[in-house]
Amino acid sequence: MHLIKGLRVLESPDGLAIGRMRIGGSWSVGTSGRFLEIVSPATGARIGAVPLATRADAALAVEAAVASKPFISKLSVWDRAKLCLAVAERIEARSEELARLLTLEQGKPFHAEAKGEIAGAVTAFRDAAEQIKWLETSAFPLADANKRAYSFLQPKGVFGVITPWNFPASQPCIYYLAPGLATGNAMVWVTAPTTSLIASKLMECFVEAGVPDGVINLVTGEGHVAGDAVVTHPGVDAIAFTGSSETGAIIAARGAGKPLMLELGGNGPTLVLRDADIEMAASRIATGCFANAGQICTSTERVLVHDSVYDRFAEAMVKAASLVRMGDPFDPATTMGPLNNEPTAAKMDEHLADARERQAGILFGGRRMDGMPTRLHYEPTVVTNLTADSKLNIHETFGPVAPLIRFRDDDDAWDIIGRSRFGLSAAVFTNTIKDAFRWAESLRVGIVNINEMSPFWETHIPAGGAAGTASGIGRTGGRHTLLEMSDLKTITIDISR
């Protein structure tokens with residue numbers, strides 16, 4: 001046994017529930033004979049173990065997907081929609097069980113967040129079933145009266161899908177698995193190691209719903225082994241990944257030449273202008289900072305506040321942070337859970353230490369909580385007088401922190417904003433419509449929310465990183481994901497004879 005990325009590798013996982021991989025029509029524990037132990041971030045209790053896949057296991061999964069490609073690609077749109085609805089029904093029927101496992105494995109509160117995430121997975125398949133039936137293509141007028149031309153959508157083929165641990169149930173379903181099934185793609189799903197048990201349970205729902213063998217395959221283990229084997233396999237036609245910008249760059253290089261869907265990191269700015277509704281802004285921004293313990297790519301990670309309202313807003317943010325409740329994730333009163341893993345908590349430590357060294361103050365929180373079962377419970381934190389060169393302003397923290405930065409005028413704000421290379425989401429709080437549109441149209445991000453927190457999103461609207469930033473490629477959301485996962489083919493016909 002040895003340690004790897006905070007997880008224990010077990011040669012014999014005696015007494016633990018074993019999550020299984022799904023390759024083709026078979027459940028599998030892989031060929032390595034080794035397992036990754038899954039531990040609750042909230043309590044430290046051993047939950048179970050999942051197989052540590054080899055590159056050979058990943059290759060078998062790709063081969064199964066390739067074999068299923070002719071069948072699923074030729075299935076009618078209506079039949080694929082029926083499959084999506086059947087999956088939604090099975091997830092919904094097991095929603096309580098899935099939400100409890102999600103809380104145990106990921107750490108998020110059962111009542112406040114886990115149940116909603118499973119509901120999001122159900123909605124993903126229902127939405128995909130509806131939207132795929134009305135996804136239109138085109139016929140084109142031609143100069144030659146004896147010819148006709150039209151376009152239609154075809155699946156890309158086999159998608160390698162690699163997903164993160166922060167939303168291990170809803171994110172894979174919303175972004176990739178539901179639209180991938182609806183568009184007729186076969187998929188090899190590599191899930192994050194710390195949250196692989198929920199993936200195994202979701203696979204059971206797919207099988208129970210009648211998803212054909214090999215159409216969705218699950219591989220568990222380390223990203224640099226299983227994920228890399230999928231990305232580089234010649235049988236994989238396209239790659240979909242959600243995670244850090246650094247890993248996304250590696251995947252893009254390793255999968256060079258393949259179509260990419262990359263939803264990467266974020267550190268988008270939230271601006272509080274001089275005429276903002278301070279109490280409303282603080283309440284919504286606090287939710288944006290502390291939801292899922294700040295472990296959202298669109299979290300509110302830096303808040304630029306006009307100097308004229310800074311003190312009032314800082315006071316309101318402290319009040320909002322004080323309303324966050326931590327504790328047993330199954331207690332209905334708990335509103336924020338622990339961080340999922342030690343590397344994420346260590347980054348929070350590092351970024352707060354850097355802020356202190358640059359003379360920032362801590363108005364609320366700022367440390368790991370004492371008296372908790374694990375060291376992953378981090379207090380909701382409000383940082384004041386952050387400087388533009390601080391790590392909290394430049395990098396993605398991925399923790400429950402609200403860094404407040406003063407700005408005097410537009411030039412000052414643009415200087416602060418420009419220190420970060422991310423371009424995923426932003427928010428603007430103002431009661432002046434002209435200022436709202438001026439900022440919304442100028443910010444170099446994929447989505448801007450006005451008088452709403454930066455993570456606000458509904459699954460049918462487009463979202464993704466702006467070009468030239470470190471936040472990814474492509475768009476997810478409703479029909480936009482369906483188009484990203486399809487190829488547009490044009491056919492011209494001569495009807496003169």
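The values are calculated or read from the model by the stated rules, or taken from the named source; none is laboratory data. Just so we're clear, the structure is a prediction, and the values are computed from it rather than from any experiment. Glycine gets a Cβ as well: all are built from the backbone with ideal geometry, and neighbour counts include every protein chain shown. For accessibility, only protein heavy atoms count, side chains too; no ligands or nucleic acids. Shrake-Rupley method; radii C 1.70, N 1.55, O 1.52, S 1.80 Å.
Checked across region 29-41, the condition of being over 18 Å from ALA229 (Cβ atoms), in a loop (DSSP other than H, G, I, E, B) and either open to solvent by 60 Å² or more (accessible area, probe 1.4 Å) or not small (Gly, Ala, Ser) (or both) holds for at least one residue. State yes or no: is PHE167 of a type in the set (Phe, Trp, Tyr), out of contact with any strand residue (DSSP E or B) (no Cβ under 8 Å at 6 or more places or on another chain), on the phi < 0 side of the Ramachandran plot and in a helix (DSSP H, G or I)? So PHE167 does not fit the description; no. Those helices (runs of 4 or more DSSP H) of region 367-486 in which 2 or more residues are free of Cβ contacts under 8 Å to residues at least 12 places away in the same chain and farther than 30 Å from GLU105 by Cα occupy 410-417, 433-442. Tallying residues that are assigned to a helix (DSSP H, G or I), of a type in the set (A, V, I, L, M) and open to solvent by less than 30 Å² (accessible area, probe 1.4 Å) within region 206-251 yields 5.
Restricting to region 460-474, and then to whatever is open to solvent by 40 Å² or more (accessible area, probe 1.4 Å) and of a type in the set (A, V, I, L, M, F, W, C), can you tell me which residue is nearest to THR287 (Cα to Cα)? Checked region 460-474; the qualifying residue nearest to THR287 (Cα to Cα) is ILE461. Does LEU339 count as in contact (Cβ under 8 Å) with a residue 40 or more places away in the chain and within 30 Å of PRO234 (Cα to Cα)? It is false that LEU339 is in contact (Cβ under 8 Å) with a residue 40 or more places away in the chain and within 30 Å of PRO234 (Cα to Cα). Restricting region 406-459 to residues that are aliphatic (A, V, I, L, M) and farther than 23 Å from ARG312 by Cα leaves a set whose member that is surrounded by the fewest Cβ atoms within 10 Å (Cβ to Cβ) is ALA440.
When GLY337 is tested against (1) over 16 Å from ARG302 (Cα atoms); (2) of a type outside the set (D, E, K, R); (3) open to solvent by less than 60 Å² (accessible area, probe 1.4 Å); (4) out of contact with any Lys or Arg (no Cβ under 7 Å at 6 or more places or on another chain), only condition (4) is not met. Sub-7 Å Cβ pairs linking a first residue in region 310-335 that is of a type in the set (A, V, I, L, M, F, W, C) to a second residue that is open to solvent by 70 Å² or more (accessible area, probe 1.4 Å) and outside any helix (DSSP H, G or I), at least 6 apart or interchain, are ALA314/LEU363; VAL318/LEU363; ALA333/ARG325, ordered by first then second residue. The residue list GLN171, GLN154 contains one member that is over 22 Å from ASP79 (Cβ atoms) and either open to solvent by less than 10 Å² (accessible area, probe 1.4 Å) or touching a residue at least 60 places away in the same chain (Cβ under 8 Å) (or both), which is GLN171.
For region 52-67, taking the residues that are more than 18 Å from GLY157 (Cβ to Cβ) and either outside any loop (DSSP other than H, G, I, E, B) or among the basic types (Lys, Arg) (or both), the one that is most open to solvent (accessible area, probe 1.4 Å) is identified as ARG55.
The residues in region 21-38 that are within 16 Å of VAL9 (Cα to Cα) and either touching a residue at least 24 places away in the same chain (Cβ under 8 Å) or aromatic (Phe, Trp, Tyr) (or both) can be counted, and the count is 8.
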